[in-house]
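What follows is a single structure, written as structure tokens, with notes after it.
The values are calculated or read from the model by the stated rules, or taken from the named source; none is laboratory data. Since the structure is predicted, the reported quantities are computational estimates derived from the model, not experimental observations. In this analysis, Cβ positions are derived from the backbone assuming ideal geometry, glycine residues included, and neighbour counts consider all displayed protein chains. Accessible surface areas use protein heavy atoms only, side chains included; no ligands, DNA or RNA. Shrake-Rupley method; radii C 1.70, N 1.55, O 1.52, S 1.80 Å.
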Amino acid sequence: MPRHGSTRRTPTEWAIRTGLALLTLVVASISVAHSLAPAVVDGDPALAHALDPGNGRITAQLARSYYLENPDGRDGEIARLSSLALRHDPTAVQAAATLGYQAQLHGDTVLARHWLDYAQRLSR
């Protein structure tokens, strides 16, 4: 016999509570990932990018780290990441500078000047 004042929850109430708990868990994990990414970007830009792929500055730093490791090695990925960074954050100076350095490395002076001028305007 139920105690006075206690009620049993219906399956619908349990489903709603479970849904809200799962939603809270998802929002909390996204929040932690977005907060943790800037803290680890200097030590591990790839991990930071995996945690927050929509952050243009982190994506730019990952592209820059790939360029510094091996300027000729990941040409396509460096350009793709730098362009993605600029789409997410048009003020990502490192992305513009990386595209400029990459163009200069390949002898495209006009494109290099364009990107490096853009990076300089952004940094002022």
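List of remarks:
- Positions within the range 89-120 being within 16 Å of TYR66 (Cβ to Cβ), outside any helix (DSSP H, G or I) and out of contact with any Leu (no Cβ under 9 Å at 6 or more places or on another chain), in sequence order: HIS106
- Filter pass, LEU68 being open to solvent by 50 Å² or more (accessible area, probe 1.4 Å) and either over 28 Å from HIS34 (Cβ atoms) or outside any helix (DSSP H, G or I) (or both): no
- Of all residue pairs spaced 6 or more apart or on separate chains, those with beta-carbon atoms under 7 Å, a first member in the range 32-53 that is in contact (Cβ under 8 Å) with a residue 12 or more places away in the chain and on the phi < 0 side of the Ramachandran plot and a second member that is open to solvent by less than 70 Å² (accessible area, probe 1.4 Å) and among the acidic types (Asp, Glu) are ALA33/ASP52; HIS34/ASP52; ALA37/ASP52.
- Filtered residues of the range 38-52 (kept if open to solvent by 70 Å² or more (accessible area, probe 1.4 Å) and under 16 Å from ALA95 (Cα atoms)): ASP42
- Whichever residue in the range 78-107 is open to solvent by 70 Å² or more (accessible area, probe 1.4 Å) and not hydrophobic (A, V, I, L, M, F, W, C) and, among such residues, is modelled with the lowest pLDDT: HIS106
- Yes/no for ARG57 being at pLDDT 95 or above and open to solvent by 70 Å² or more (accessible area, probe 1.4 Å): no
- Residue list for the range 17-46, restricted to those being under 22 Å from SER82 (Cα atoms), modelled with pLDDT of 90 or more and not charged (D, E, K, R): PRO45, ALA46
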